[in-house]
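The structure appears below as structure tokens.
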Amino acid sequence: MLRPLTPADAAIYRRNRLRARKDEPQAFGADYAEEARKPLDFFIRRLSPGADWLTLGYWELDDLIASGILMRQEKKKCRHKASIFGVYVSPHARGRGLSRILMNGLMEQAGAMGVSHLYLTVTAENEAAKGLYESLGFEAYGREPAALKVGDRLIDEVLMAKVL
Ligand SMILES: CC(C)(COP(=O)(O)OP(=O)(O)OC[C@H]1O[C@@H](n2cnc3c(N)ncnc32)[C@H](O)[C@@H]1OP(=O)(O)O)[C@@H](O)C(=O)NCCC(=O)NCCS
């Protein structure tokens, strides 16, 4: 079941995020150690209802197995734009179409908010995520060289966009 996460989900959401940042550091901008220092309160605030910010989670029974964030821009001249980030499916649940369900949910919410342009970034080597986004109509419009440094390794990011 796909639904917006609420402050009551903060502990399980935090645990999943930390596991993702620890196990797959090359997939995310946020660093594990930095994330681990953030208290539960930070995530409670993050999941509190806000007009321009939404985290969707996919649940199987009590297990949160996929999540992703939609963030609409605040400035008046930029309110037609939103970004998607933090897209994650637990390793044991991959290959079953859950990321597609999650992304469709985020795009639907964006449309309902009145957003017309969606943006995201993906590391250049992340073939699975690039395949997902391309299959949903996102197109690359640029590339940031050396966007992330993971250990000693510099990783480029591809910038992608979709008009709803
Ligand atoms: C990328 C990720 C979200 C895909 O989740 P998933 O639920 O396994 O993907 P789905 O089963 O919904 O597949 C959707 C599409 O993604 C693409 N895809 C998924 N896994 C893929 C793989 N291993 N190789 C190539 N393309 C892949 C395909 O286009 C697929 O469509 P298809 O099945 O019709 O070919 C998941 O692997 C993940 O969480 N990875 C780690 C975190 C991450 O990289 N997040 C993205 C940050 S930008």
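The values are calculated or read from the model by the stated rules, or taken from the named source; none is laboratory data. This is a predicted model, so every value here is computed, not measured. Reconstructed Cβ throughout: ideal geometry from the backbone, glycine too, with neighbour counts over all protein chains shown. Remember, those area values only see protein heavy atoms, side chains included, never the ligands or the DNA or RNA. Shrake-Rupley method; radii C 1.70, N 1.55, O 1.52, S 1.80 Å.
Quick notes
- Matching entry among 50, 57 (being in contact with a Ser or Thr (Cβ under 6 Å, 6 or more places away or on another chain) and either surrounded by fewer than 16 Cβ atoms within 10 Å (Cβ to Cβ) or at pLDDT 95 or above (or both)): 57
- Under the condition of being modelled with pLDDT under 90 and more than 15 Å from the ligand (Cβ to nearest atom), the residues counted in segment 6-29 number 0.
- Check on residue 95, near the ligand (Cβ under 9 Å from one of its atoms) and at positive phi: yes
- Lone qualifier among 108, 144 - being at pLDDT 95 or above and either part of a helix (DSSP H, G or I) or among the hydroxyl-bearing types (Ser, Thr, Tyr) (or both): 108
- Residues of segment 32-47 classified as among the acidic types (Asp, Glu) and either modelled with pLDDT of 95 or more or surrounded by fewer than 12 Cβ atoms within 10 Å (Cβ to Cβ) (or both), total: 2
- Candidates 67, 99 - the one that is part of a helix (DSSP H, G or I), polar (S, T, N, Q), closer than 26 Å to residue 158 by Cβ and open to solvent by less than 70 Å² (accessible area, probe 1.4 Å): 99
- Residue 30 being over 26 Å from residue 159 (Cβ atoms) and either aromatic (Phe, Trp, Tyr) or not in a strand (DSSP E or B) (or both): no
- When restricted to residues that are open to solvent by less than 40 Å² (accessible area, probe 1.4 Å) and in contact with a strand residue (DSSP E or B) (Cβ under 8 Å, 6 or more places away or on another chain), segment 117-131 contains 7.
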